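Single-structure report; data block below.
Quick note: the coordinates plus some simple rules give every number you see, no bench work behind them. What you are looking at is a predicted structure, and each value in this text was computed from that prediction instead of being measured. Neighbour counts are summed over all protein chains in view; Cβ atoms, including those assigned to glycine, are modelled from backbone coordinates with ideal geometry.
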Amino acid sequence: MNTHSKFHLSDESIRILCSFNGSHWRFATGEPLAEKPRHYFSWNDVVVATDRGEFRINTSLSESDFEGYAEEYAQLAVYPDSKGLAEAQANGHIYFQHAGEQITKVFVFRVGITQIIDGVPTWVYSADHAVIFGLTEGAVAVCKTGHHSAAIDLSFADSVETLELDGRAHEWDWENELGEEYNVVTELIQIGGISN
């Protein structure tokens, strides 16, 4: 195999997320998507507010050439600030679903894609695709809209199990040439939680 490329959250991003375990959800930012109830859209940043303060989940594009040519891939990161919150408040783009519920678990949704040519693995792409919060009576996902986009989808659900998570493997696995195939693995990795 030639290349293994990782776009995972940094240790610092994970530390920030875990520091909010046990806090109580207040709101998150985004713009409503009329065609998708309980889904909200944002370019680059979603600000999450809890009773312990705010943090920002960010997506930026980073260049890599693991496929044999230069391309941009979305990288998730978490920052301990509320950049963009004032603008979201001014535009009315703040949503209070599940306000007051406790964050009981934090997950990363990871996608691994291996390209296989004539039975031989050529590259592996592994990326953290979403940050998920399990709440006392619901769940929230902050998810990249694609592997090559800085857009973010914020969604609310009644449980972690009912969140709509799409690993976006079809960005590669379509119109394949003869002998070209893709193996896709998704993982829901718990990075933090509170004791009952």
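Before moving on, here are some points about what is shown:
- Applying a threshold of 8 Å to beta carbon distances and a minimum spacing of six or more residues, or different chains, the list of pairs starting in the range 7-27 at a residue that is over 17 Å from G193 (Cα atoms) and ending at one that is small (G, A, S) and buried (at least 18 other Cβ atoms within 10 Å of the Cβ) reads F7/A74; F7/A127; H8/A127; R26/A49; F27/A49.
- Taken over the range 50-87, the residue count meeting the criterion of being out of contact with any Asp or Glu (no Cβ under 9 Å at 6 or more places or on another chain) and not in a loop (DSSP other than H, G, I, E, B) is 6.
- Residue among E54, E63 that alone is surrounded by 13 or more Cβ atoms within 10 Å (Cβ to Cβ), more than 13 Å from the chain's Cα centre (by Cα) and acidic (D, E): E54
- The listed residue being more than 16 Å from V48 (Cα to Cα), crowded, with 20+ Cβ neighbours inside 10 Å and in contact with a Ser or Thr (Cβ under 9 Å, 6 or more places away or on another chain), out of V78, V111: V111
- Checking D158, D153 one by one, the residue that is surrounded by fewer than 18 Cβ atoms within 10 Å (Cβ to Cβ) and closer than 25 Å to R52 by Cα is D158 and no other.
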